[in-house]
Amino acid sequence: MSTFNESIVENAALTWFGELGYVIGHGPELAPGEPGSARDSFGAVVLVGRLREAIQRLSAEGYISYTPHIGAVVTRIPLDEVLELLLTHAVLEGTVVRLAAAHISPAMLERLQRIVDEQRVAAGRENAEQFAQLDQQFHNDVMSACPTRALIEVATSVRERIDRQKPFLLLARVPNRLEHATHEHQHLLELLG
């Protein structure tokens with residue numbers, strides 16, 4: 001039986017906030033009297049100013065909904081909005097791939113094949129985090145061959161909106177999803193080659 005303790009939760013939270021672009025501070029650097037300190041004593045557990053700033057930032061990024069004098073709650077994205085974003089992204093990405101196809105070099109195809117091979121290994125190990133990084137790299141490389149920059153910007157914007165919801169979607173927990181995505185990428189490479 002595995003243990004679930006504060007350290008596991010803390011490390012997961014720090015990793016998640018780091019991936020969102022937050023700077024992680026360490027205790028000794030933030031101790032009272034140090035240049036980076038925001039407290040006069042260790043008794044000041046909650047840094048109210050920073051907490052307000054964080055809530056405002058998370059609210060602006062769509063992760064939470066904040067109502068003054070009531071509080072903050074994690075934003076729930078309606079399923080129909082998620083499906084709409086996924087459909088929009090599929091249509092845009094299909095167009096990007098069609099336009100990129102004529103501009104993908106043999107060297108790029110080799111690079112994409114290496115990424116797919118690494119994805120296959122990550123999927124076999126059920127390493128969703130590594131797989132997601134490789135997936136992003138694969139899609140970015142394919143998009144880089146598209147000559148229509150405006151289309152890339154729109155597709156990237158939609159992808160970023162989807163990525164913001166990934167902690168809530170948990171697509172990697174869908175049975176065989178990683179293997180299926182690897183197969184899709186391999187099939188795409190065969191069509192491009």
Task: Answer residue from the range 60-76, given it is over 17 Å from Glu19 (Cβ atoms) and of a type in the set (A, V, I, L, M, F, W, C) and is least open to solvent (accessible area, probe 1.4 Å) among those - done: Ala72
Open item on the list: Where the second residue is acidic (Asp, Glu) and in a loop (DSSP other than H, G, I, E, B) and the first is under 21 Å from Ala13 (Cα atoms) and lies in the range 25-40, which pairs have Cβ atoms under 9 Å and are six or more apart or on separate chains?
Closed with: Pro28/Glu34
Open item on the list: Let me spell it out: the conditions are (1) more than 30 Å from Gln133 (Cα to Cα); (2) loosely packed, with under 10 Cβ neighbours inside 10 Å, and Glu34 meets all of them except one. Which number is the exception?
Closed with: (2)
Open item on the list: Restricting to the range 81-110, name every residue that is closer than 11 Å to Arg159 by Cα and among the charged types (D, E, K, R).
Closed with: Glu93
- [ ] Go through (1) over 22 Å from Gln133 (Cβ atoms); (2) in a helix (DSSP H, G or I); (3) in contact with an Asp or Glu (Cβ under 9 Å, 6 or more places away or on another chain) one by one and return the number of the condition Ser7 breaks.
- [x] (3)
Task: In the range 109-127, the residues that are more than 14 Å from Gln186 (Cα to Cα) and not basic (Lys, Arg) - done: Ala122, Gly124, Glu126, Asn127
- [ ] Can you work out which of the residues in the range 177-188 that are in contact with a helix residue (DSSP H, G or I) (Cβ under 9 Å, 6 or more places away or on another chain) and among the charged types (D, E, K, R) is modelled with the highest pLDDT?
- [x] Glu179
- [ ] Would you mind stating whether Arg57 is loosely packed, with under 11 Cβ neighbours inside 10 Å, basic (Lys, Arg) and closer than 30 Å to Glu153 by Cβ?
- [x] no
Task: Qualifying positions in the range 48-73 - at pLDDT below 80 and under 16 Å from Arg164 (Cα atoms) - done: Glu61, Gly62, Tyr63
TODO: Could you check how many residues of the range 78-92 are surrounded by 15 or more Cβ atoms within 10 Å (Cβ to Cβ) and among the β-branched types (Val, Ile, Thr)?
DONE: 2
Task: Enumeration of residues in the range 125-139 that are more than 21 Å from Glu160 (Cα to Cα) and in contact (Cβ under 8 Å) with a residue 24 or more places away in the chain - done: Glu126
Task: Conditions (1) of a type outside the set (S, T, N, Q); (2) over 18 Å from Leu99 (Cα atoms); (3) open to solvent by less than 80 Å² (accessible area, probe 1.4 Å); (4) at pLDDT 85 or above: number failed by Val174 - done: (4)
Task: Looking only at the range 118-153, and only at residues there that are among the charged types (D, E, K, R) and under 18 Å from His103 (Cβ atoms), the one that is least open to solvent (accessible area, probe 1.4 Å) - done: Asp141
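The values are calculated or read from the model by the stated rules, or taken from the named source; none is laboratory data. Here the structure is a predicted model, which is why all the values come from computation and not from measurement. FYI the Cβ positions are ideal-geometry reconstructions off the backbone, even for glycines, and counts take in every protein chain you see. Note: accessible area is taken over every heavy atom of the protein model, side chains too, but ligands, DNA and RNA are not part of it. Shrake-Rupley method; radii C 1.70, N 1.55, O 1.52, S 1.80 Å.
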